[in-house]
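The values are calculated or read from the model by the stated rules, or taken from the named source; none is laboratory data. As the structure is a prediction and not an experimental result, all values here were calculated from the model. Cβ sites come from the backbone with ideal geometry, for glycine too, and all protein chains shown count toward neighbours.
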Amino acid sequence: MHIIKIGILDEEQEYAKMLSAYLGRFGRGKWSVAAFTDRQVLDAYLEKGQLDIIAGTNREELKLLQNIYNHLFYLWLSDRPEPDRREMGFYETYRYQSAEVIGKMLERITSQMAGRTGMHKTMAAIYSPVGRCGKTTLALEIAGSDDYGRWLYIGMEDYRSFVREPGADENAEMENFFYFIKERQEEKLLRLIKGSEGIIDSGRSFFDTRQGDYEDLEWLMEVLQKCECSGILFDIGTGILTDLNILSLFDCILVPYLKGEISMAKRNNFEQMLALHGYEFLQEKMVFINMSNQDEVEEQKQAIFGGEKN
């Protein structure tokens, strides 16, 4: 996944610092944010190509920057509550409103960036605190159906999902999947994926898989943008995910569950845990799917992945 880099330019150090800190949390996994109060420092960043979007409160300053760096996107944090629709050249939003509203404006800009550059493939995770709920079956149905385009399945479960007959051929390279990630061997990783027929099974040892950290997955998603597929679906086991921040890297998080008493208790405890430890922002990306209701499962699949209903 391409991590978009945003610069906040303002003479008021406290404002720039607080806004950039909030926006960094708001868009974690999608963008990173840096605060600038000094134009020379900003220029040094821009000369190295280290920013994609500049948001600032000085309209004239933004115009000057746009004349020099016209490939970037600009957001004017203006002091007028109603933007002037005749204003051309950059986006505009009212600076004296909640940082959440400014964050949503940035989401619109990044979405349009993706549309113009074609740089982003959807990254979806399927994860559940409820065992034996049909999580992997659902993931493989999506990845294996032409109705939803060509999705690459990546297994990150505690144990493998596929039974191999004794003596059956096995792709030895598949065992190196996470090794290639750790060693940042992009060419070998892409070659492995190309020969995988759309399915990367979970590793033989979950001890290896769970070594993948936030930076590893962030790098992997950058590489996966080069794959010829509609999107990538990660099937993640509870024993593998040691850092919940990893979930922030995904565009969408599917959470299958069942309606039984124990299953519902696990779902409720999971949501309470997210709130307790400051992960409420993840819930905005989560889609809970009641696996006990097949009609709901089909509706959610169509809503998220598209395709034709059966």
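Restricting the search to region 268-283, which residues are touching a residue at least 12 places away in the same chain (Cβ under 8 Å), in contact with a Leu (Cβ under 9 Å, 6 or more places away or on another chain) and not aromatic (F, W, Y)?
Correct list: L274, H277, L282, Q283.
Quick one: which of L64, L42 is farther than 18 Å from Y96 by Cα, crowded, with 17+ Cβ neighbours inside 10 Å and free of Cβ contacts under 8 Å to residues at least 60 places away in the same chain?
L42
To keep it simple, each residue is scored yes or no on (1) at pLDDT below 85; (2) among the hydroxyl-bearing types (S, T, Y); (3) over 13 Å from F305 (Cβ atoms).
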residue: T122; (1), (2), (3): yes, yes, no
residue: G131; (1), (2), (3): no, no, yes
residue: I142; (1), (2), (3): no, no, no
residue: D146; (1), (2), (3): yes, no, no
residue: R160; (1), (2), (3): yes, no, yes
residue: M174; (1), (2), (3): yes, no, yes
residue: I181; (1), (2), (3): no, no, yes
residue: E186; (1), (2), (3): no, no, yes
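Please determine whether any residue of region 248-258 is surrounded by fewer than 15 Cβ atoms within 10 Å (Cβ to Cβ) and either in a helix (DSSP H, G or I) or not assigned by TED's automatic domain parsing to the domain that holds S32 (or both).
No: zero hits.
Just name the residue that is surrounded by the most Cβ atoms within 10 Å (Cβ to Cβ) out of those in region 259-278 that are basic (K, R) and outside any loop (DSSP other than H, G, I, E, B).
R267
R80 is checked against (1) at pLDDT below 90; (2) closer than 14 Å to E92 by Cα; (3) crowded, with 17+ Cβ neighbours inside 10 Å and fails just one. What number does that condition carry?
Only one criterion is unmet by R80, namely (3).
Name the residues in region 187-219 that are of a type in the set (D, E) and free of Cβ contacts under 8 Å to residues at least 24 places away in the same chain, would you?
Scanning region 187-219 gives E187, E197, E215.
Can you list the helices (runs of 4 or more DSSP H) found entirely within region 1-109 that contain at least 2 residues being under 27 Å from A125 (Cα atoms) and either in contact with a helix residue (DSSP H, G or I) (Cβ under 7 Å, 6 or more places away or on another chain) or of a type in the set (D, E, K, R) (or both)?
Ranges flagged: 13-26.
Looking only at region 1-39, which residues are among the aliphatic types (A, V, I, L, M) and within 23 Å of Y96 (Cα to Cα)?
Answer for region 1-39, where residues must be among the aliphatic types (A, V, I, L, M) and within 23 Å of Y96 (Cα to Cα): I6, I8, L9, A16, M18, L19, A21, L23, V33, A34, A35.
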